[in-house]
Every structure is written in C-alpha cells, then in structure tokens.
Amino acid sequence: DWTPEGSLAKTRHLYPAFIEFVKKSHQSLKDKGYDVEIAGIFYHLGENDMSFYPYRKDAAARLQAIVNQSRLDLELSELDWYVSQQPPTDDERVNQVDVVSMVKAIAEKDSHLHHIKVFDLPAQEKKLVITTAGILHLGKSIADFYLAQ
C-alpha cells in the first residue's frame, strides 16, 4: 500500500520506506559531491486500481493523497508525478466507476501531475495481468511521454 496512511496490512505499508529511500538516496549523492535534482516520480495505476471495486472507486483520491503528501515530505511543492494508467477492466461489477475520468480530473487541476494513458497494450490472456510484452510496451510509452516533455 503506497498511501501515506497505510492500510490494515501493516507489512504492505510502503509509503514511509519509499520516502525514506528517496531522501537517503538524494542525500547520499549530494554527500558525494553531485548536484542532484529529483526530476519526478513515476507511478503506475495498475490491476488493483483498475479492477477491484473498493480500490477503483478511490483510486484518484488515493493518488492525490500520495502526490500531495510526497511533495510535503520531500519539501518539493512542484514535484512532477508521471502517472501511467492501464485500461480499466471492462466488467459490469466495476464499470459504473469511471476511473479514467476521475484521474484525468485531478491531473487537469495539477500542472505537475502527468496522466499517461497506456490503453494500447498488447493482447493479454488474462483480464488483469499485463504480460511481459505489455510491461515492455508500458515502459516504452512512459519513457516516450517523459522524453517528449
């Protein structure tokens, strides 16, 4: 769980370790004499956020919380976030939640939150799991978006 507040599964509360890793890595490079800038954070809205109703309905709000808190914790108010999103699962149990529009809405209000829709993934056998070819395509799409900035 990447959210600042975590979840019931304490072993999955990744946010504090993530922020600590970024801070320590940044400081370590500075201590070695490098001029370091944190250019942005890359984040993927994946299977759970696109498929599991409790996550899908709150995906945009959770994303906003992570972005906002990371900017505070890293003292970088204009930190860029590059957020890729895979196609939402097409299933009647979750289709009433338009997660694409919800993420788009928060990105439109934040010029440092870049919404990268990667909806042209290669065909996959399973509804949820991106194949190796899909992961490679996802990475290339994110890189192409970033390099075009």
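The values are calculated or read from the model by the stated rules, or taken from the named source; none is laboratory data. Treat the numbers as computed from the prediction; the structure is a model and nothing was measured. Please note: Cβ atoms are built from the backbone with ideal geometry, for glycine as well, and neighbour counts cover all protein chains shown.
Going through the stretch 96-112 one residue at a time, which ones are surrounded by 10 or more Cβ atoms within 10 Å (Cβ to Cβ), part of a helix (DSSP H, G or I) and either of a type outside the set (A, V, I, L, M, F, W, C) or in contact with a Phe, Trp or Tyr (Cβ under 8 Å, 6 or more places away or on another chain) (or both)?
Lys104, Glu108
If I ask for residues that are touching a residue at least 12 places away in the same chain (Cβ under 8 Å) and aromatic (Phe, Trp, Tyr), which ones from the stretch 1-23 would you list?
Within the stretch 1-23, Trp2, Tyr15, Phe18 meet the criteria.
Quick one: which of Ala39, Ala59, Ala17, Ala9 is surrounded by 15 or more Cβ atoms within 10 Å (Cβ to Cβ) and hydrophobic (A, V, I, L, M, F, W, C)?
Ala59
Only one of His115, His137 is closer than 17 Å to Tyr43 by Cα, free of Cβ contacts under 8 Å to residues at least 40 places away in the same chain and within 13 Å of the chain's Cα centre (by Cα); which?
Only one candidate qualifies: His115.
Which of the residues spanning the stretch 113-137 are out of contact with any strand residue (DSSP E or B) (no Cβ under 9 Å at 6 or more places or on another chain) and either of a type outside the set (A, V, I, L, M, F, W, C) or in a strand (DSSP E or B) (or both)?
Asp120, Pro122, Gln124, Glu125, Lys126, Lys127, Thr131, Thr132, Gly134, His137
Of these, Arg93, Arg56, which one is assigned to a loop (DSSP other than H, G, I, E, B) and out of contact with any strand residue (DSSP E or B) (no Cβ under 6 Å at 6 or more places or on another chain)?
Residue meeting the stated conditions: Arg93.
I'd like to verify a number: residues in the stretch 123-134 that are surrounded by 13 or more Cβ atoms within 10 Å (Cβ to Cβ) and either among the hydroxyl-bearing types (Ser, Thr, Tyr) or over 19 Å from Asp91 (Cα atoms) (or both), how many?
2
Name the residues in the stretch 69-90 that are assigned to a loop (DSSP other than H, G, I, E, B) and at pLDDT 95 or above, would you?
Leu74, Glu75, Leu76, Ser77, Glu78, Leu79, Asp80
Residue-by-condition table, conditions (1) surrounded by 17 or more Cβ atoms within 10 Å (Cβ to Cβ); (2) within 17 Å of Tyr146 (Cα to Cα); (3) more than 13 Å from the chain's Cα centre (by Cα); (4) touching a residue at least 40 places away in the same chain (Cβ under 8 Å):
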position	(1), (2), (3), (4)
Gln27	no, no, yes, no
Glu47	no, no, no, yes
Leu63	yes, no, no, yes
Gln86	yes, yes, no, yes
